[in-house]
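Since the structure comes first, as structure tokens, the remarks are kept for the end.
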Amino acid sequence: MLAPATAFAYIDPGTGSALVQGVIAALAAVGVTLKLYWHKFVGLFGSKKDDVQENATPDEQH
């Protein structure tokens, strides 16, 4: 009753361009964040192989 049954919505080219720009900016922000915190991110999911090599003596590492 309070809302009309049909809505004649129109997205002009400026609004569509702003939406596309927002999506691109969000993807760029995610990429930069991953780049900055890559080592911490990989450390969460990384293997324990690196830990074994760090604990080895220098003559055991190859």
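Some points to look at:
- For segment 26-34, putting each phi into the Karplus relation 6.51 cos²θ - 1.76 cosθ + 1.60 with θ = phi - 60° gives couplings of 5, 5, 5, 5, 5, x, 5, 5, 5 Hz, in residue order, rounded to whole numbers and with x for Gly and Pro.
- Taking 0.36 nm per residue of separation and subtracting the current Cα-Cα distance, fully stretching the chain between Trp38 and Gln21 would add 3.6 nm.
Every read-out reported here was derived from the displayed coordinates using simple, explicitly stated rules and does not represent laboratory data. Keep in mind the model is a prediction, meaning the values are calculated, not measured.
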